[in-house]
Amino acid sequence: MSLRMPEPDAAVLARRAGIVRDLVAIVPGEGVISNEREMRPYESDGLTAYRQLPFVVVLPETTGQVSKVLRYCHDHGIKVVPRGAGTSLSGGALPLADGVLLGMGKFNRIREIDFGNRVAVVEPGVTNLAISQAVAHEGFYYAPDPSSQIACSIGGNVAENSGGVHCLKYGMTTNNVLGCEIVLITGEAIRIGGKHLDSDGYDLLGLITGSEGLLGVVTEVTVRLLKKPETARAVLVGFASSEDAGACVSKIIGAGIIPGGMEMMDRPAIHAVEEFVHAGYPLDVEALLIVELDGPAAEVDHLLERVEAIARECGSTECRVSTSEDERLLFWAGRKAAFPAVGRISPDYYCMDGTIPRAKLPLVLKRTRELSEHYGLRVANVFHAGDGNLHPLILYDANKPGELERTEAFGAEILKLCVEVGGVLTGEHGVGVEKRDLMPAMFSEIDLNQQQRVKCAFDAKGLLNPGKVFPQLQRCAELGRMHVHAGRVAFPDIPRF
Amino acid sequence: MTSLLKPRDGKDVEAAAQWALAEGKTLEIVGHGSKRGIGRAAQWDLSLDLSDLSGVTLYEPDELILSAKAGTPIAEIEALLAASNQELAFEPIDYGPVFGAAPNLDGKSRGTIGGVLAANLSGPRRIKAGAARDHFLGFTAVSGRAETFKSGGRVVKNVTGYDLCKVLAGSYGTLAAMTDVTVKVLPRAETEETVLVVGLDDAAAGRAMSAAMGSSNDVSGAAHCPAPLAVSLQAEAGRAITALRLEGVAPSVVHRRRALETLLKPFGEIAVLEQAASREVWRVIRNVMPFTGGAGALWRISVAPTRGREVAAAIGEGAEYFYDWAGGLIWAALPATGDGGAARVRRAVAGNGHATLVRAPAAIRASVPVFEPQDAGLAALTKRVKESFDPKGVFGPGRMWAGV
């Protein structure tokens, strides 16, 4: 592991036995795991290239226990790494050698389903999919659907502001949560929002969502429920070039159509997927679009006709509309299996997550191909085309010396390119440890310091998930220092009245 | 005596903040001043007028984004978007009429994009499309430390770093002075219709709106106006009106309108408003026109939709009110005497949401909390967040909470 993490605190390491004993007193029974064999499953998350055995694993069951554990760690200067289901692709839940790994898996109850207000109140360990399943009998669902939805937890979704293939139309996590209970590192539990909309104070819910476990530990979430659309149909459109496919996406949106989902794959991705899933994808195309429309049948049929016409105008070589629910699901089965499909043709793969202005797609794909040749590593592209979120999958073999390092260098170049063309480092996977050191490509020191000052408002000692998101850790006292030039600044030379 | 600073660009804003910091002065951030009456009545040394920071700097309809300087008139942005059949989907309220501004005969909204974001405005479509916060993608701003910083980006999907856009949305100029902003824009619906149910009491209206929202008809506005106020919605109305809006492509709107009519028939008499009439009704609701220009204290109350009716009832005698957001938003007018109804409203809402005293004479806004009072933990965290952006209290100290 080449990653630089905060220096372990020798004093904390030396006190391990005592700390474990104290934690067992707070979370009795099987709530504390301290032997190496049982801690092993927690040594990494979805970003498996990085591993670190935790200091100790704590699995609380109540907000009271979370509160006591955090207060204990705060009082004793012990770092804490919160963890949901451990599916983060950016290393957000990567343990620390001297940090308590706080697993929220036992918070797995749905506390309330309120169809009248179209909300569910759930514990953070409930999986994303379980929420939709619990309300399906009344025709409702929870909209954000990250690919990992069968396993990922809603608490983790809040921490990462997770997206999914339908977020162009239905928004990300931040647009679909209404409230939460959060425990600060001091042990103080704070309730924010509820079943009502918006806040009339500072929007702390919006700040916590996507804060990657650095501000507090979420112990309850209130999510919005939506009624399922009457129907959904998908169309597969093939193109001879990614330029044509990109132009088609722009024209669909330009025509005022916001599809429920709009995904693109390039040739290597199409071939990997088709071999794996047999979704019936055309193999003689350079780019494939899946466009899904949802709503009443009258609307879906009407818009599908327009999408087909636009696709023809853009020179599509193939256009197939799903004629049954099974066929629609088959179209999606391919896309949803893109990562494992690529996993079959390569010992390892590394998934990137930049977002770009869609118009820059041809340029970014061309540069990616050039980089691919330069680094001697294959790459397959899947793309949330509607919102410009690109997932290049770099194929490598971790057992070949130097290949992981080359892959990381390649990935970093792709992300820098995303920023260069007006995009961002991460669209939905989070910064974590993975993109931490690239943050200066997008933000100045002043920008990053301001973000860290916000962190200080929640966690003045910097004990929650340190080493993630920010490339350089700074003490809050240092960040708070100001040089005020009292009486020595001239009245500004700007128009006054 | 200078009382107003009018920066020409971001550098000027930074210079103004630097000077204010050094001199220990306070600045009120203002655009067009259309929402100046919102907040606690406090005094600041100077106004920082951002209206010269004006102009759309980037508009890419296909990318669904627009960037503008913070002082750009919202009317200019809405007109530009309309020319490409797009809009700000969160449908920001124009507070002009509420504060007694002369009616805008051309139908244009007042205020600036910076003001719309700083107040986290939204309209009836909030229930479907979100508020300003949900469409705010990125900004450049000057903090109370007189440092220019940025957050977010110019793409619709981004999780890089903390989402500081959310914190600035609804901060009423108390954290930082935004100079440049980027928002998500969306296609405007091809057409719309509104289904009206006539003559329902609040309880039945609540059930009707709940049924409509719980259907797959994609309702984009759900409001209920009790009889005394319904006349503002429809001149001939003598009875309560419950309005449900459907937007989209024509075949879809027709299909869903029929479905909604069938669904709501058991509740009462149904009428349908076609596009023009529908737009007018929702403009009236969006801009809270039943309470235009009045001198009463005006409260904006957000609660769980099913609690709306009891909260309104608990406020009690002398209150006039109507509901938006399927019952979850109550606009209530109370006499502008005493505490402007603060005690009653706060008691009625208690723990179920929040109430903001949007309009009241300065004397009342100086003596009662304007924003929902916070418990000790949240209040302390709020204060620390304020200090993380503005440690010396340069920007609008005391506007939202005393001592913050």
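The set of residues in the range B:71-94 that are under 23 Å from B:Thr191 (Cβ atoms) and in contact (Cβ under 8 Å) with a residue 40 or more places away in the chain comprises B:Leu81, B:Ala82, B:Asn85, B:Gln86, B:Glu87, B:Leu88, B:Ala89, B:Phe90, B:Glu91, B:Pro92, B:Ile93, B:Asp94. A:Gln452 meets the conditions (1) assigned to a helix (DSSP H, G or I); (2) over 23 Å from A:Arg4 (Cβ atoms); (3) within 13 Å of chain B (Cβ to nearest Cβ) in every case but one. The failed one is (2). Taken over the range A:220-241, the criterion of being surrounded by fewer than 24 Cβ atoms within 10 Å (Cβ to Cβ), within 21 Å of A:Val119 (Cβ to Cβ) and more than 10 Å from chain B (Cβ to nearest Cβ) is satisfied by A:Glu220 alone. As a summary of the residue check, B:Gly31 satisfies the conditions (1) surrounded by fewer than 18 Cβ atoms within 10 Å (Cβ to Cβ); (2) in contact with a Gly (Cβ under 7 Å, 6 or more places away or on another chain) except for the one numbered (1). Scanning the range A:478-497 turns up at least one residue that is more than 22 Å from B:Val167 (Cα to Cα), surrounded by fewer than 15 Cβ atoms within 10 Å (Cβ to Cβ) and away from chain B (no Cβ under 11 Å). Of the candidates A:Asn117, A:Asn108, the single residue that is polar (S, T, N, Q) and either within 13 Å of another protein chain (Cβ to nearest Cβ) or over 22 Å from A:Gly64 (Cα atoms) (or both) is A:Asn117.
In the condition set (1) assigned by TED's automatic domain parsing to the domain that holds B:Ala169; (2) among the basic types (Lys, Arg); (3) surrounded by fewer than 21 Cβ atoms within 10 Å (Cβ to Cβ), B:Lys69 is compliant with all but (3). Residue under question is A:Ile190, and the condition is that it be within 7 Å of another protein chain (Cβ to nearest Cβ) and either closer than 21 Å to A:Gly105 by Cβ or assigned to a strand (DSSP E or B) (or both); does it hold? Yes; evaluated as a whole, the condition is true for this residue.
When the residues of the range B:131-158 are filtered to those that are of a type in the set (Phe, Trp, Tyr) and farther than 16 Å from B:Val385 by Cβ, the one that is nearest to the other protein chains (Cβ to nearest Cβ) is B:Phe136.
Within the bounds of the range A:11-26, is there any residue that is touching a Leu at 6+ places or on another chain (Cβ under 8 Å) and modelled with pLDDT of 95 or more? So far as the range A:11-26 goes, no, none of its residues is touching a Leu at 6+ places or on another chain (Cβ under 8 Å) and modelled with pLDDT of 95 or more. Condition first: within 14 Å of chain B (Cβ to nearest Cβ), of a type outside the set (Phe, Trp, Tyr) and more than 12 Å from A:Cys167 (Cβ to Cβ). Now tell me which residues in the range A:126-149 satisfy that. Passing the criteria: A:Val135, A:Ala136, A:His137, A:Glu138, A:Gly139.
Results for (1) in a strand (DSSP E or B); (2) touching a residue at least 24 places away in the same chain (Cβ under 8 Å); (3) closer than 15 Å to B:Leu81 by Cβ, shown as yes or no for each residue.
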| position | (1), (2), (3) |
| --- | --- |
| B:Lys108 | no, yes, yes |
| B:Gly115 | no, yes, no |
| B:Lys128 | no, yes, no |
| B:Phe139 | yes, yes, no |
| B:Val155 | no, yes, no |
| B:Met178 | yes, yes, no |
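Summed over the range B:195-232, residues that are polar (S, T, N, Q), over 20 Å from the mean Cα position of the chain (by Cα) and either closer than 30 Å to B:Glu63 by Cα or part of a loop (DSSP other than H, G, I, E, B) (or both) total 3. Exactly one residue among A:Glu420, A:Glu403, A:Glu408 is under 19 Å from A:Ala359 (Cβ atoms), surrounded by fewer than 24 Cβ atoms within 10 Å (Cβ to Cβ) and over 18 Å from the mean Cα position of the chain (by Cα), and that residue is A:Glu420. Taking helices (runs of 4 or more DSSP H) as the structural unit, those lying wholly within the range A:248-360 and holding at least 1 residues that are in contact with an Asp or Glu (Cβ under 6 Å, 6 or more places away or on another chain) and of a type outside the set (Asp, Glu) correspond to A:267-277, A:325-336. If you go through the range A:430-447 one residue at a time, do you hit one that is free of Cβ contacts under 8 Å to residues at least 40 places away in the same chain and assigned to a strand (DSSP E or B)? Within the range A:430-447, none of the residues are free of Cβ contacts under 8 Å to residues at least 40 places away in the same chain and assigned to a strand (DSSP E or B). In summary, A:Gly156 fulfils each of the numbered conditions (1) closer than 25 Å to B:Lys128 by Cβ; (2) within 14 Å of chain B (Cβ to nearest Cβ); (3) in contact (Cβ under 8 Å) with a residue 60 or more places away in the chain with the single exception of condition (1). Total residues in the range B:135-164 satisfying the condition of being under 21 Å from A:His429 (Cβ atoms) and out of contact with any Lys or Arg (no Cβ under 7 Å at 6 or more places or on another chain): the figure is 13. If only residues of the range B:1-32 that are assigned to a loop (DSSP other than H, G, I, E, B) and under 25 Å from B:Val185 (Cβ atoms) are counted, the one that is nearest to the other protein chains (Cβ to nearest Cβ) is B:Asp9.
Name the residue, out of A:Leu473, A:Leu417, that is in a helix (DSSP H, G or I) and among the aliphatic types (A, V, I, L, M). The conditions single out A:Leu417.
Candidates in the range A:177-186 are the residues that are out of contact with any Cys (no Cβ under 9 Å at 6 or more places or on another chain) and in contact (Cβ under 8 Å) with a residue 60 or more places away in the chain; of these, the one that is farthest from A:Leu214 (Cα to Cα) is A:Glu181. Of all the listed residues (B:Ala211, B:Ala169, B:Ala203), the sole one being of a type in the set (A, V, I, L, M, F, W, C), within 13 Å of chain A (Cβ to nearest Cβ), surrounded by fewer than 21 Cβ atoms within 10 Å (Cβ to Cβ) and within 25 Å of A:Tyr170 (Cα to Cα) is B:Ala211.
The values are calculated or read from the model by the stated rules, or taken from the named source; none is laboratory data. Keep in mind that what you see is a predicted model, and the values were worked out from it rather than measured. Don't worry about glycine lacking a Cβ; one is built from the backbone with ideal geometry, like all the others, and counts go over all protein chains shown.
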